[in-house]
Every structure is written in C-alpha cells, then in structure tokens.
Amino acid sequence: MNQIKGGELLLRCLAQEKIEHVHAITDGTYMSFLEPLERLGDELGVRLVVPRHEAAAAHFCDAYTRVSGKPAVVMACAGPGAANLISGLICAEAEGSPVVAITTTRRSDIGDSYTQQAAMQVGNQHDCFKAAVKWSGKVDHWSRIPDMVRHAFRVAMSGRPGPVHLLIPQDVLDGLGDLDSVELIAPERYRASAMFKQPAAPDVVRQAAEILVSAELVSIRIGNGAERAEAGAEIIRLAEYLGMPMTKTARGSSVVPCSHPLAIHTLSAGALMANTEADVLLVVGTRMGEMSGFGKQPLWADPQKSKTIQVDAEPTNIGLNRPVDVGLVGDAKVVLRQLFEAVEELTEPRQPHPNVAVYKQLESEWVADLNAVADEMQDPLCIGAAIREANSFLNQDAIVTLDGGNTNWWGFSYARARKERSIVQSSCYGHLGTGLPYAIGAKLAYPERPVCCITGDSAFNFNIQELETAFREDLPVVCMVMVDGAWGMEKTAQRRSWGREAPWFKVFNAEEIRYDQICEAMGGYGEYVTKASEIGPALGRCFASNLVSVIHCVIDPDSNVWPPGIEAWNAMRSGKVAEWLSGES
C-alpha cells in the first residue's frame, strides 16, 4: 500500500500539469499540501511563492499566463484568504487568463455554509467565486482529487481561457489513500488544448480566403486571442502577402511590433481611416468590445457595406458585437496558417495597398504631436517623456507592465512593443495595483528577461507591499513610479464634469512620500529623477543593482490632467463617439 495524504496527491497532480510555482500564503488548512511540497518540491519541479496578499498572487498568475502561455496556480485558505483572492480572479477572467485557484474550507462536518453552524472562517465560497471564474467545483473525496484537478485545467485552457476555482475541504487534504489506486494522466493525454490546436473547417476557410482575395482593401484588427495563440508571425505573413494594414486593441498591443510598416497605431487617425474605408475587416481574437466601439459606426465601416471575417477560439464570441459574414472557430495561429495557404492558392503576393502610405503618414503626424507634448526638457517630468526614454533604454527582450488610470493612457500612446507578449496591462477590467504583481509574474516566467513596471503613484500603493516579495524571491524587476501626488484620472474627471478640482474629494495623495526610499527600506534599490535625461542612467543603475528597484519620477501634475487618448476613452465610455469625432463634445 502506497498511502499518501490528499495534499501530496494534489501536489503530484499539479506536477503532472507541469506547474512550476504555487502562489500561496501558508495556512493551517493546507499544511498537508505544504509538507510534501517542502519534501518533494525540488524532485517534482514545483516551488512555493509566498505573496503579501492573495489578490496580488492572482495577479502574479495572470501575468505569468499572459507572457508564457501556460496555466498558473494560486492557493488561498478558508475564509479571508479566499475572499482576498476573488478580486484578482475577476481581473484574470476579464483578461482571459487560465489561472487555477485552489481554496480550502474547514473540515467537511462544519464547512457547508448551507447548514451554517456559525463556524469560524466558513462561508459560501461557491456562490462567491461563481461570478469571478469560468467554473467552480468542490472535491468531496480523496480519490476524486485527480479527476477534479484535470477538469479544472481542462476548463481553464479550453475555448477562451479563464480562471477556475477548486474547493477542497481540509479533511480531504488530510485524508489518506493509496496512490496506486488513482491514475495521474499527462495533459497531452486528456486535455484537447494540450493535444492539438483547433483548426477551422476547411470549407469555411476557403470561403474566407475568397472574400479576402476579392476585396479592394482589407483591414486586420488584432486582439488578445491572437496574443494567446502566439499568432503574430502568421498575422504578419498574411498582412504582408495581401498588403493589408493592421490595427491592434490595447490588449493585443504586443502581438505584432509597433514598428512594422503595415501596423497603424489604434489612437492615430490612420487607424480610423483604415477601419472605416476597408471593404473587408479581418477580426482576429477580439470580441470588438467597448474600447473598440463595439465594432460599430462611426469607428468602423457599415457592416451592410463592408464584410467581416472573425477568427476566435470561442464560438460564442463570433458575431458578438458586429455581424459577421464568415466565422472561423479555432486557434488563431492555426487558422491564420490555414487562411494563408488558401489565399496563396488564389492569388500572387500583392504590394501594400496605396492607402497604407496615407495611414502611416497620419500615424507619423500623431507621433510628432506626441513628441511635442512630451517635452524632454520639462522639469518636473511629463509621463510621456519618461516612457519615451524608457523605450530608448529597454532592449528587444524587455517586458513592460502598465498600471494606473492616466498612466495607462500615456503608456498606450508612448510604449512601443517590439516582441510578442511584451506588454501586460489590465486593459479589460482596468484593475489598479496590477503593475508590480504583473511584473513579478512576468519575471517568474522569464527570469532572464528585463522587466519594467510603469505605474502611477496611486495605483502603485495598492500592492506596494509586494516589493518585499520581489526582494525575498530574488526577482529584480524595476518600477518607474509616476508621482504627481494625485489620482490623476479623477482630477481629469473632476475638470471634465465640474470645470474644477475639489481637494475635499480626496484626489490628492501625500506628495512627500518617497517611493524610492520605501523600496530601499524593503531591501531594494531606489532612484529619484525629475528630468527625462535622468531616466536612462537611472534605469541602467537599477538593472545593474540586480535588486527590485523603484525610480521615483517627479511628474508635473498639470501635464497629467489630459493624457493622450483620454478623450477618445471618455467618448467610448459615454457612448458619444460620433459627437467626439465631430468635435461637438
């Protein structure tokens, strides 16, 4: 008899899924998991990463999945730990990140909230988690642990990926069973997503190819589904073959390099023209959500006059916001390969459409305007100038995380993606405080790559305690904190709504906080800058320190009231896009 506890069985199941890190704050309800992790972790290739807050741990996992393409695991204890975890999972769900969350309950005889006995740290976890995840399940018996773990990963990685929740009572983890009585199965033997990448139906691919070849002008819209599939090379190959302009959602901003001659930045007038003039739209891995104007006029061509081809791994996303003429259900990388082969059979390579030069010229004028806004001589700094200097310093392998309200908009305008999966932000849920945890998760996925977080000071304060985690775990990420002493986006909202700012509204922070010194107090390295010319040398010293680092960037508060793109964002949020384009709002 090979008797082991449920905690060890759970660990062996996670190792079978090739999980490298379990993110968890240690707790008495899963000591029977932590003991074998200590004993067998090196052998199984799994180690514990202990955060300072469970929500931050979920953000670690979110970013890890987005830069690596692999699932991640977070654990939390009964009651408060599970409650803390939920906000991070809601963010992961919005971004489509396959995070497997495992929480515990007290022992089964008191852990059922439907027959509440006023037990400590017992609550209705299922109902609490349902809104935050794709699926929530409970393990009722030791022998069911492998099946339930497999199902959790199966759901997390299928269709549009997303977080799942698995609830395991303490007595199930503490229970004994015979390891030889259960089967541990490798992902490639039970999970379709690990066996193969789903192609689209060949006849539908042919139909889509014929539409593309017969079109006068095709515009490609690229979203996060293309990022998850790592379809950047396939998109570029098809775009170059047919000479088509490419635009990207915020979430898909690093699928193809910003420097590509066919890539048109979404915030430039060139992108608007490309999307409204095209007689065919090829939509890859995006639901055409609110920040894409729901795929409707006036930001997009009339669907009655322009055809739409949509590629998505999740069937329910096809035609969600914009009617389609052809829906291709499958993995974006595989489907784009199919589409290229079908197009190649129908036509020879084409030169870039003549309109692309017009779109690129409009983009160049937009960039010139951005450069004029971000005066490199300004003291204190403009955020745009700080990000532009960071672009110049960081190499091709760098991963950048963006965080904050207005800071995110500066980042979307100024940060330049050079490599696939290189920019991470909470673009779908707009969750503040993700920047530093995202940087930690990215560094766990790629220890050898430089990781830089660009964040506002208000957002940074949400999870500032994770600086200590980064120091303790030897994760030398660099954080550029844009300090204007205020909730920048709320100042923007006040001026827009009231024509003034109102200090009583508590939009102002304590300007005397020195974030570089806080980092030093937690074992890291700090820099303090006020001018753009100081950014590059400060970044150099931070990375050379090989410690978690903070650059306290003193920002001119007036320059942060109206960041580039904020009016477009407000127009889409308020449903007044037509008025904004006409200059009426």
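Tell me yes or no: at least one residue of the stretch 279-289 is buried (at least 17 other Cβ atoms within 10 Å of the Cβ), among the small types (Gly, Ala, Ser) and assigned to a strand (DSSP E or B). Steps first, answer last, please.
Residues of the stretch 279-289 that are buried (at least 17 other Cβ atoms within 10 Å of the Cβ), as a first pass: 280-289.
With among the small types (Gly, Ala, Ser) added as a condition, the list becomes 285, 289.
Imposing the further condition that a residue be assigned to a strand (DSSP E or B) reduces the set to none.
No: the stretch 279-289 contains no residue that is buried (at least 17 other Cβ atoms within 10 Å of the Cβ), among the small types (Gly, Ala, Ser) and assigned to a strand (DSSP E or B).
Looking at Val367, is it part of a helix (DSSP H, G or I), surrounded by 20 or more Cβ atoms within 10 Å (Cβ to Cβ) and within 29 Å of the chain's Cα centre (by Cα)?
Considered against the rule, which asks whether it is part of a helix (DSSP H, G or I), surrounded by 20 or more Cβ atoms within 10 Å (Cβ to Cβ) and within 29 Å of the chain's Cα centre (by Cα), Val367 comes out as no.
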Has the stretch 268-277 got any residue that is in contact (Cβ under 8 Å) with a residue 40 or more places away in the chain, within 25 Å of Trp410 (Cα to Cα), in a loop (DSSP other than H, G, I, E, B) and not acidic (Asp, Glu)? yes
Scan of the stretch 82-94 for residues that are more than 14 Å from His126 (Cα to Cα) and touching an Asp or Glu at 6+ places or on another chain (Cβ under 6 Å), ordered by number: Asn84, Ala92
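Looking at the stretch 457-470, can you tell me whether even one residue there is of a type in the set (A, V, I, L, M, F, W, C) and under 16 Å from Ala250 (Cα atoms)?
If we filter the stretch 457-470 for residues that are of a type in the set (A, V, I, L, M, F, W, C), which is where we start, we get 459-460, 462, 464, 467, 470.
Checking which are under 16 Å from Ala250 (Cα atoms) leaves us with none.
No; the residues of the stretch 457-470 include none that is of a type in the set (A, V, I, L, M, F, W, C) and under 16 Å from Ala250 (Cα atoms).
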Could you list all residues from the stretch 230-265 that are within 24 Å of Lys305 (Cα to Cα), of a type outside the set (A, V, I, L, M, F, W, C) and free of Cβ contacts under 8 Å to residues at least 60 places away in the same chain? Thr247, Lys248
Selected residue (only one of Gly41, Gly45, Gly81, Gly96 is without any contact (Cβ under 8 Å) to a residue 60 or more places away in the chain and more than 27 Å from Glu183 (Cβ to Cβ)): Gly81
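Condition first: assigned to a strand (DSSP E or B), outside the structural domain of Ala94 (by TED's automatic domain parsing) and out of contact with any helix residue (DSSP H, G or I) (no Cβ under 6 Å at 6 or more places or on another chain). Can you find one or more residues in the stretch 290-303 that meet it?
no
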Could you tell me how many of the residues in the stretch 313-353 are on the phi > 0 side of the Ramachandran plot and either in a helix (DSSP H, G or I) or not assigned by TED's automatic domain parsing to the domain that holds Ala301 (or both)? 0
May I ask you to say which residue of Leu547, Leu539 is part of a loop (DSSP other than H, G, I, E, B) and in the same structural domain as Gly405 (by TED's automatic domain parsing)? Leu547
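Pick from the stretch 334-357 the residues that are crowded, with 16+ Cβ neighbours inside 10 Å and of a type in the set (Val, Ile, Thr): which of them is nearest to Met273 (Cα to Cα)? Spell out the reasoning first.
Residues of the stretch 334-357 that are crowded, with 16+ Cβ neighbours inside 10 Å, as a first pass: 334-340, 342-343, 352-353, 355-356.
Retained after the next criterion (residues that are of a type in the set (Val, Ile, Thr)): 334-335, 343, 356.
Working: Val334: 29, Val335: 27, Val343: 25, Val356: 10 Å.
Checked the stretch 334-357; the qualifying residue nearest to Met273 (Cα to Cα) is Val356.
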Among the candidates Ser181, Ser193, residue that is surrounded by fewer than 21 Cβ atoms within 10 Å (Cβ to Cβ), modelled with pLDDT under 95 and under 16 Å from Pro71 (Cα atoms): Ser193
Every residue from the stretch 376-397 that is in a loop (DSSP other than H, G, I, E, B) and either over 21 Å from His265 (Cβ atoms) or within 22 Å of the chain's Cα centre (by Cα) (or both): Met377, Gln378, Asp379, Pro380, Leu394, Asn395, Gln396, Asp397
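Among Ser219, Ser253, Ser268, which is the only one that is over 19 Å from Ala357 (Cα atoms) and buried (at least 22 other Cβ atoms within 10 Å of the Cβ)?
Ser253
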I need the full set of residues from the stretch 478-499 which are in a loop (DSSP other than H, G, I, E, B) and either surrounded by 24 or more Cβ atoms within 10 Å (Cβ to Cβ) or out of contact with any strand residue (DSSP E or B) (no Cβ under 7 Å at 6 or more places or on another chain) (or both), in order please. Asp484, Trp487, Gly499
Residue match in the stretch 257-266 (condition: of a type outside the set (A, V, I, L, M), under 19 Å from Val343 (Cα atoms), at pLDDT 95 or above and in contact with a helix residue (DSSP H, G or I) (Cβ under 8 Å, 6 or more places away or on another chain)): no
When the stretch 403-453 is checked residue by residue, the ones that are of a type in the set (Phe, Trp, Tyr) and either crowded, with 24+ Cβ neighbours inside 10 Å or part of a helix (DSSP H, G or I) (or both) are Trp409, Trp410, Phe412, Tyr414, Tyr438
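Restricting attention to the stretch 214-238, report how many residues are part of a loop (DSSP other than H, G, I, E, B) and not small (Gly, Ala, Ser).
Qualifying residue count, the stretch 214-238: 3.
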Here are some residues: Ser136, Ser97, Ser143. Which one is at pLDDT 80 or above, of a type in the set (Ser, Thr, Tyr) and assigned to a strand (DSSP E or B)? Ser136
Exception for Phe462 within (1) in a helix (DSSP H, G or I); (2) surrounded by fewer than 24 Cβ atoms within 10 Å (Cβ to Cβ) falls at (1)
Counted residues in the stretch 414-431 being basic (Lys, Arg) and free of Cβ contacts under 8 Å to residues at least 40 places away in the same chain come to 0
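Take the residues of the stretch 68-89 that are β-branched (Val, Ile, Thr) and at pLDDT 95 or above: which is nearest to Lys18 (Cα to Cα)? Quick ask: steps written out before the conclusion?
Just the residues of the stretch 68-89 that are β-branched (Val, Ile, Thr), to begin with: 73-74, 86.
Subsequent filtering for residues that are at pLDDT 95 or above retains 73-74.
On the way: Val73: 11, Val74: 14 Å.
Only one residue tops the list, namely Val73.
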All conditions in (1) in contact (Cβ under 8 Å) with a residue 60 or more places away in the chain; (2) within 26 Å of Ala226 (Cα to Cα); (3) surrounded by fewer than 16 Cβ atoms within 10 Å (Cβ to Cβ); (4) of a type in the set (A, V, I, L, M, F, W, C) are true of Met377 except (2)
Out of Val356, Val400, sole residue that is outside any loop (DSSP other than H, G, I, E, B), touching a Gly at 6+ places or on another chain (Cβ under 9 Å), under 27 Å from His431 (Cα atoms) and modelled with pLDDT of 95 or more: Val400
Candidates Arg237, Arg206, filtered to the one that is basic (Lys, Arg) and within 23 Å of Asn317 (Cα to Cα): Arg206
Exactly one of Gly88, Gly7 is in contact with a Phe, Trp or Tyr (Cβ under 8 Å, 6 or more places away or on another chain) and in contact (Cβ under 8 Å) with a residue 24 or more places away in the chain, and that residue is Gly7
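The values are calculated or read from the model by the stated rules, or taken from the named source; none is laboratory data. In this text the structure is predicted, and so the values were computed from the model without any measurement. Positions of Cβ are backbone-derived with ideal geometry, glycine not excepted, and every protein chain shown enters the neighbour counts.
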